[in-house]
Amino acid sequence: MKSFMAKNETAEHKWLVVDATDAILGRMAAKIAPILMGKNKPSYTPHVDTGDYVVVLNASKIRVTGKKADNKEYDYYTHFPGGHKYVSFAEMMERKPEKVIELAVRRMLPKSKLGKKMLKKLKVYRGSQHEHQAQQPETIELS
């Protein structure tokens, strides 16, 4: 029996659409990350990007459990003295709900160049309209 190693040239990438309406943030991100990595395919190879493209719709309609809506904070650094900033979950959902999903998925991907390449295959939209109709994406249900 021969072993199989996928190559960049032979990897096939499908387009998938996920509706985030009433989805729990962490659980949804935990199901999207393996799809971006390609772990749901028999041709998975750790050092090759074999994952699919994922389009997430209705990012503004996600929810979190417990007291995360009140207590969760996102921080960033502006690279100026005293530039450590904090943004609450509620404020982030109001301004950039797409960023909330991107950050949740990004933290579940490998911390390498390959992980950054995988994250580029994630497309998140606030509403139910997207611009990837030409790729003929399949709708999937994350249950």
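What follows draws every value from the coordinates through simple rules; no lab data is involved. Small disclaimer: the values here were computed from a predicted structure and weren't measured. Cβ placement follows ideal geometry from the backbone for every residue including glycine, while neighbour counts extend to all protein chains displayed.
Scan segment 101-143 for residues that are basic (Lys, Arg) and part of a loop (DSSP other than H, G, I, E, B) and the total you get is 5. In the set (1) part of a loop (DSSP other than H, G, I, E, B); (2) of a type outside the set (Phe, Trp, Tyr); (3) without any contact (Cβ under 8 Å) to a residue 40 or more places away in the chain, the condition left unmet by ASP70 is number (1). Exactly one residue out of VAL64, VAL105 is touching a residue at least 60 places away in the same chain (Cβ under 8 Å), out of contact with any His (no Cβ under 7 Å at 6 or more places or on another chain) and either surrounded by 12 or more Cβ atoms within 10 Å (Cβ to Cβ) or not polar (S, T, N, Q) (or both), and it is VAL105.
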